[in-house]
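The values are calculated or read from the model by the stated rules, or taken from the named source; none is laboratory data. Because the structure is a prediction, the values reported are computed rather than measured. Cβ sites come from the backbone with ideal geometry, for glycine too, and all protein chains shown count toward neighbours. Keep in mind that these areas ignore ligands, DNA and RNA; they rest on the heavy atoms of the full protein, side chains included. Shrake-Rupley method; radii C 1.70, N 1.55, O 1.52, S 1.80 Å.
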Amino acid sequence: MSDILNRSQETYINSFRKTVDPLIMEMEAYAGQNRVPILTWQSAELLELLIKMQKPKRVLELGTAIAYSSIRIARNLKKKGILHTIEKSKENIEVARKNIKKAGMEEKIEILEGDALNIIPGLEKKYDFIFLDTDKEDYKKLFDYSLVLLKKKGVIFVDNLLWHGYAAAKTIPPKYRESAVHIKEFNKLFFSNKYLKTVLIPVGDGIGLGIRE
């Protein structure tokens with residue numbers, strides 16, 4: 001169940017979910033069973049819609065995990081579109097490669113192995129669309145790097161800005177306190193940035209959306 005919706009609201013929203021292919025369902029099941037954080041399906045559908053609307057040629061994803069969002073992005077890219085996705089977990093990369101192969105997206109998705117903080121400063125070409133979904137303590141630094149790589153009129157899509165509802169909560173369980181602080185600090189930075197037109201969308205765990213002006 002979503003942390004920012006009540007049960008009746010989520011049930012209502014779920015009733016509109018379209019039929020999805022077996023690979024997507026398989027990845028969602030794997031993520032749930034193995035506690036791998038991925039986008040909610042609602043957030044993933046929003047991401048797909050934005051990709052269809054913007055028609056980016058070059059997309060950068062910070063945080064591949066098992067390639068759930070990578071595949072959903074790649075499937076909606078135009079013929080010459082490419083996705084570069086960064087992941088440091090060897091276990092995740094192994095699973096991601098298998099899923100990418102199952103999806104037939106090997107030519108559309110390139111995994112850059114290693115820590116995003118080490119990789120992204122070495123990237124030179126700019127991107128039309130950047131998706132940020134990594135360790136929360138790295139959000140601020142990666143956001144700064146992302147702005148350098150984001151083209152004018154480019155879109156940045158950031159997950160977890162409501163952080164299970166704790167970004168707006170007064171009482172926070174101990175295991176979420178440090179990460180909630182990181183998210184709150186990032187939100188102030190993101191929504192006050194003079195180079196972006198931004199909005200917070202209460203979908204999934206809270207999506208931050210920005211367009212470079």
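Points to keep in mind about this one:
- Sparse-neighbour loop sites [GluC sites (Glu not before Pro); the stretch 111-149; at most 11 other C-beta within 10 Å; DSSP]: Glu124
- Modelled label reach - Lys125, point 7 Å along Cα→Cβ, the stretch 49-85 residues with backbone N closer than 11 Å: 57-59, 81-84
- DSSP-defined beta bridges in the chain - what % are antiparallel, rounded to 5: 35 percent
- Evaluated with a Cβ-only charge set (Lys, Arg +1; Asp, Glu -1), the stretch 1-66 carries a dipole of roughly 280 debye about its Cα centre, given to the nearest 20.
- Ligands, DNA and RNA left out, the 1.4 Å accessible surface of the chain is 53% carbon and sulfur atoms.
- Our helix-only sum for the chain, with -39,500 (n - 2.57) per DSSP H run of n ≥ 4 divided by its residues, gives a mean residue ellipticity at 222 nm of -12500 deg cm²/dmol.
- Mean sequence separation of contacting Cα pairs (under 8 Å, at least six apart), scaled by the length of the chain, corresponds to a relative contact order of 19 percent.
- In this structure, Lys80 and Thr40 have a Cβ-Cβ separation that, at R0 = 25 Å, corresponds to a calculated FRET efficiency of about 0.25.
- Computed from the Cβ-Cβ distance with R0 of 30 Å, the FRET efficiency linking Glu48 to Ala169 stands at 0.50.
- Basic side chains Lys and Arg get +1 at the Cβ, acidic Asp and Glu get -1 at the Cβ, and with that the dipole of the chain about its Cα centre reaches some 840 debye.
- Altogether, the Stokes-Einstein calculation at 20 °C and 1.002 mPa s, with the Kirkwood radius of the chain over Cα pairs as Rh, returns a diffusion coefficient of 122 µm²/s.
- Solvent-accessible area per residue, Å², over the stretch 79-167 with all protein chains present [probe radius 1.4 Å]: 51 Å²
- Paramagnetic reach from Lys90 in the stretch 59-75 [backbone N under 20 Å; point 7 Å along Cα→Cβ]: 63-67
- Simple spin-label estimate for Asp115 and Arg177 in nanometres, 7 Å along Cα-Cβ: 2.6 nm
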